[in-house]
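K.L.:
I am attaching a structure below and will ask some questions about it afterwards.
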Amino acid sequence: MKIRLAKILLGLVVLGCIVSAQSPRDCASITAALEQRLDAQRRLLMDWAGLIRYGSENTELPHPAPSEDRVVFLGDEITEYWGRGDAKFFPGKPWLNRGIKGQTTPQMLVRFRQDVIALKPKVVVILAGANDLASVTGPITQGMMAENIMSITELAKANGIRVVLASLTPVCDCFTKQTALRPHGKIIGINGWLKEYAAQSGAVYLDYYSAMAEGRNLKKELTGDGLLPNDAGYAVMAPLAEQAIAQALGKK
């Protein structure tokens with residue numbers, strides 16, 4: 001029923017844009033947001049936490065050797081799309097990408113045992129919260145989001161996994177309207193909490209934001225839509241992630 005209603009709403013929005021003669025940019029932004037929500041609803045009905053996404057890969061993955069510095073990157077589409085372009089995902093390193101488009105922190109918490117703990121990494125890099133802000137899977141408070149990240153961190157530590165907490169990356173309205181769903185001020189506020197909690201919990205804070213922001217906006221040259229990093233964006237993120245992982249491993 002929700003998917004049917006979303007399709008009807010999407011059609012009405014497109015029709016409304018045509019009738020009201022709104023700018024193509026505004027219409028594209030609204031339509032993209034609704035399409036994202038429709039896609040999320042489809043996936044929620046089939047597999048709410050995304051447990052089937054990496055199930056087969058996880059099963060076929062051998063346990064790491066004691067000397068192997070296995071790392072798991074847990075996150076949403078910003079993590080999942082890392083490596084799909086020319087900016088490859090850490091070639092030659094035993095590092096695993098476990099990002100899923102559209103995911104929020106409660107979904108990552110549910111799949112944490114399967115997609116992280118069971119893989120026996122030494123370090124987990126967590127990049128989460130942007131879709132919580134956008135209410136992709138429904139309303140959620142920043143307090144609830146924080147509790148989910150705290151639970152993930154505590155699960156990791158209880159299983160001997162060192163934690164790297166990544167800042168949310170900035171957004172911009174360079175191409176489509178992004179700040180309506182992910183306001184600058186809220187991103188900055190969450191990053192402040194992440195940094196503070198990392199210090200309190202003994203995790204490493206990975207500051208993508210400072211390197212990617214110009215003022216409060218994502219640098220235009222680092223993105224193609226104002227939200228997702230492009231190859232240049234991932235090229236900025238990669239050495240920062242490597243430094244944070246080295247710090248977590250005590251190799252810095």
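The values are calculated or read from the model by the stated rules, or taken from the named source; none is laboratory data. It should be emphasised that the depicted structure is a prediction, and the values quoted were computed from it without experimental measurement. Don't worry about glycine lacking a Cβ; one is built from the backbone with ideal geometry, like all the others, and counts go over all protein chains shown.
K.L.:
How many residues does the range 170-196 contain that are closer than 23 Å to P139 by Cα and aromatic (F, W, Y)?
P.N.:
1
K.L.:
Can I ask one more? If you check S201, S167, which single one turns out to be surrounded by fewer than 19 Cβ atoms within 10 Å (Cβ to Cβ), closer than 24 Å to V124 by Cβ and either outside the structural domain of K88 (by TED's automatic domain parsing) or at pLDDT 95 or above (or both)?
P.N.:
Going through S201, S167 in turn, the sole match is S201.
K.L.:
Out of the residues in the range 59-101 that are in a loop (DSSP other than H, G, I, E, B) and under 11 Å from the mean Cα position of the chain (by Cα), which is surrounded by the fewest Cβ atoms within 10 Å (Cβ to Cβ)?
P.N.:
Looking only at the range 59-101, we keep the residues that are in a loop (DSSP other than H, G, I, E, B), and these are 61-70, 76, 81-94, 100-101.
Going one step further and asking which of them are under 11 Å from the mean Cα position of the chain (by Cα), we end up with 76, 81-82, 100-101.
Numbers: D76: 24, Y81: 18, W82: 24, I100: 23, K101: 20.
Restricting to residues being in a loop (DSSP other than H, G, I, E, B) and under 11 Å from the mean Cα position of the chain (by Cα), the top hit is Y81.
K.L.:
S135 fails exactly one of the following numbered conditions: (1) modelled with pLDDT under 95; (2) surrounded by 20 or more Cβ atoms within 10 Å (Cβ to Cβ); (3) small (G, A, S). What is the number of that condition?
P.N.:
Of everything listed in (1) modelled with pLDDT under 95; (2) surrounded by 20 or more Cβ atoms within 10 Å (Cβ to Cβ); (3) small (G, A, S), S135 misses just condition (2).
K.L.:
Restricting attention to the range 211-250, which residues are farther than 20 Å from F89 by Cβ and either buried (at least 18 other Cβ atoms within 10 Å of the Cβ) or basic (K, R) (or both)?
P.N.:
A213, R216, N217, L218, K219, K220, G226, listed by residue number.
K.L.:
Tell me which of these Q114 doesn't satisfy, since it passes every other one: (1) within 23 Å of N230 (Cβ to Cβ); (2) at pLDDT 95 or above; (3) surrounded by 14 or more Cβ atoms within 10 Å (Cβ to Cβ).
P.N.:
The single condition Q114 does not satisfy is (1).
K.L.:
Oh, and also: Among the residues of the range 218-252, count how many are in contact with a Lys or Arg (Cβ under 8 Å, 6 or more places away or on another chain) and of a type in the set (A, V, I, L, M).
P.N.:
Of the residues in that region, 4 qualify.
K.L.:
Search the range 107-118 for residues that are within 12 Å of Y54 (Cα to Cα) and pair each with any residue that is of a type in the set (F, W, Y) when their beta-carbon atoms are under 6 Å apart and the residues are at least 6 apart or on different chains.
P.N.:
Matching pairs, first to second residue: D115/Y54.
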